[in-house]
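Everything on this sheet refers to the single structure shown next.
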Amino acid sequence: MPIRRVWAPQIDFSVLRRELRLPADFPAAALAEAEQAATGTPMPVTDRTDVPFVTIDPASSKDLDQAMHLSRRATGGYRVRYAIADVASYVRPGGPLEAESWLRGQTVYLPDGRIPLHPPVLSEGAVSLFPDVDRAAVVWTIDLDADGETVGVTLERARVRSRAKLDYASVQRQVDTDTAAEPIALLPELGELLAKRAADRGAVNLPMPEQEVERDGEGWRLVLRAPLPIEDYNAQISLLTGVAAASMMLAGGVGLLRTMPAPRPDAVERLRAAAGSLDVDWPDDMPVGTVIASVDPATPRGAAFLDQAADLLRGATYTAFDGTVPAETGHGGVGAPYAHVTAPLRRLADRYATETCLALVSGEPVPDWAREALPRLPKAMADTDRVAGAANRGAIELAEAVLLQHRVGEHFEAGVLDRDNNAKPGRPPSGTVAIDDPAVRARCLGDLPLGARIRARLTVADPATRKVEFERA
């Protein structure tokens with residue numbers, strides 16, 4: 001799969017840490033609690049160490065939330081076993097560690113290091129699902145028929161033991177050579193089936209290329225990396241679990257959903273107009289989800305189209321309920337009600353949603369500490385989502401500005417993605433353009449014909465303000 005890299009000199013990302021007031025070290029009391037929990041938390045009584053789970057993550061990951069095992073059912077269809085790190089068993093309700101996790105909300109990633117949700121003694125140690133060691137997990141068992149429809153769901157706390165720490169690239173090679181082992185051999189078949197079912201119900205799946213800033217000797221490189229097919233298949237298992245969790249909570253009348261409105265018609269039309277400038281074929285009768293699935297994210301223009309398509313998926317929020325089911329329960333990207341339950345090491349909300357599901361499936365009351373947290377989580381997660389998004393955007397924008405600062409005045413071929421139709425009086429018209437090399441989207445001044453390709457001159461590339469701007473030539 002093609003990877004495009006552009007090198008940049010030394011970049012100081014500490015400005016983002018200061019600007020966003022990102023936390024540094026954990027308080028002493030939270031660390032002490034984490035260290036005690038790491039050695040003093042008992043394992044679950046239920047033993048599922050006979051199931052040969054494996055994890056699939058980026059090669060450098062140490063906070064391993066999920067392990068899977070896929071098999072065929074004797075009666076036809078599939079069985080998905082999905083073990084999720086049991087964070088709640090290691091974080092005492094009302095303690096300093098829980099309080100600190102609420103302040104952080106989620107793990108925030110920057111090129112020069114991450115700001116973890118939990119102390120590494122837990123997130124990269126006692127709770128992470130490393131291979132060949134016993135770990136506490138919440139195990140989802142989801143049975144599907146031959147068409148991929150869910151026909152049964154169970155959930156339990158259990159002791160598990162992963163057999164291998166796999167990474168996306170190695171798994172893709174195994175799949176391509178038909179050498180994938182039993183726990184994941186069915187992943188392509190099942191992933192494609194689940195993706196097709198999602199498309200049929202109107203889901204919009206964005207195979208977003210990752211624009212990353214990575215260390216490269218004395219400097220940094222800006223990398224546009226297309227996702228491997230196996231990454232989408234792996235995501236389908238997480239989505240399947242999130243849909244099962246949402247159904248469980250809706251049936252029980254209490255929970256926390258991840259909701260999002262369906263794509264707005266005007267946003268779809270703007271994306272259709274932008275497609276022409278990026279050489280994306282969009283027949284009149286083709287649904288937007290099908291067009292998105294046909295685009296190659298490995299190319300700069302494909303990546304720019306998918307980046308623009310992200311505008312379709314706006315308005316995501318967390319919706320808590322207790323007793324009365326909310327009027328809006330769907331998620332436009334998933335095409336069904338959906339909940340976050342599969343990344344508790346990296347996302348606060350998952351811990352409480354998972355605990356709610358455990359109580360519902362056992363017929364027990366939801367613990368007070370979890371139930372009382374549900375209505376507070378939407379605001380807490382919205383706040384931390386803004387910070388995490390700002391950190392990611394800021395890192396990319398800073399790298400782009402450093403990369404382009406010595407090219408001010410040069411001309412570039414650009415595709416017009418969007419234009420501002422609501423410019424204030426006295427301000428020049430403008431819009432958004434995408435250039436191919438380096439793959440950058442930025443504001444451009446001038447009268448921009450939507451969907452056209454133009455020549456644009458780089459006028460601003462300022463690392464101090466992280467601003468990149470063009471004007472139509």
- [ ] Could you tell me whether region 389-401 includes any residue that is free of Cβ contacts under 8 Å to residues at least 24 places away in the same chain and in the same structural domain as VAL108 (by TED's automatic domain parsing)?
- [x] yes
Open item on the list: Looking only at region 242-299, how many residues end up being within 19 Å of the chain's Cα centre (by Cα) and over 23 Å from ALA83 (Cα atoms)?
Closed with: 10
Open item on the list: Based on this model, can you work out whether GLY415 counts as closer than 24 Å to ARG264 by Cα, not assigned by TED's automatic domain parsing to the domain that holds ALA246 and not in a helix (DSSP H, G or I)?
Closed with: yes
TODO: Answer yes if at least one residue in region 186-195 is over 22 Å from the mean Cα position of the chain (by Cα), crowded, with 17+ Cβ neighbours inside 10 Å and more than 14 Å from GLU149 (Cα to Cα), and no otherwise.
DONE: yes
Task: Residue in region 30-41 that is more than 17 Å from TYR90 (Cα to Cα), β-branched (Val, Ile, Thr) and surrounded by fewer than 15 Cβ atoms within 10 Å (Cβ to Cβ) present - done: no
Open item on the list: Given the options LEU313, LEU271, LEU257, name the one that is surrounded by 17 or more Cβ atoms within 10 Å (Cβ to Cβ), within 29 Å of MET381 (Cα to Cα) and free of Cβ contacts under 8 Å to residues at least 60 places away in the same chain.
Closed with: LEU271
Task: Tally of residues being under 19 Å from VAL213 (Cβ atoms) and either part of a strand (DSSP E or B) or not assigned by TED's automatic domain parsing to the domain that holds GLU413 (or both) across region 431-473 - done: 9
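The values are calculated or read from the model by the stated rules, or taken from the named source; none is laboratory data. Quick caveat: nothing in here was measured; it's all calculated off a predicted structure. Positions of Cβ are generated from backbone atoms using ideal geometry, with glycine treated the same way; all protein chains shown enter the neighbour counts.
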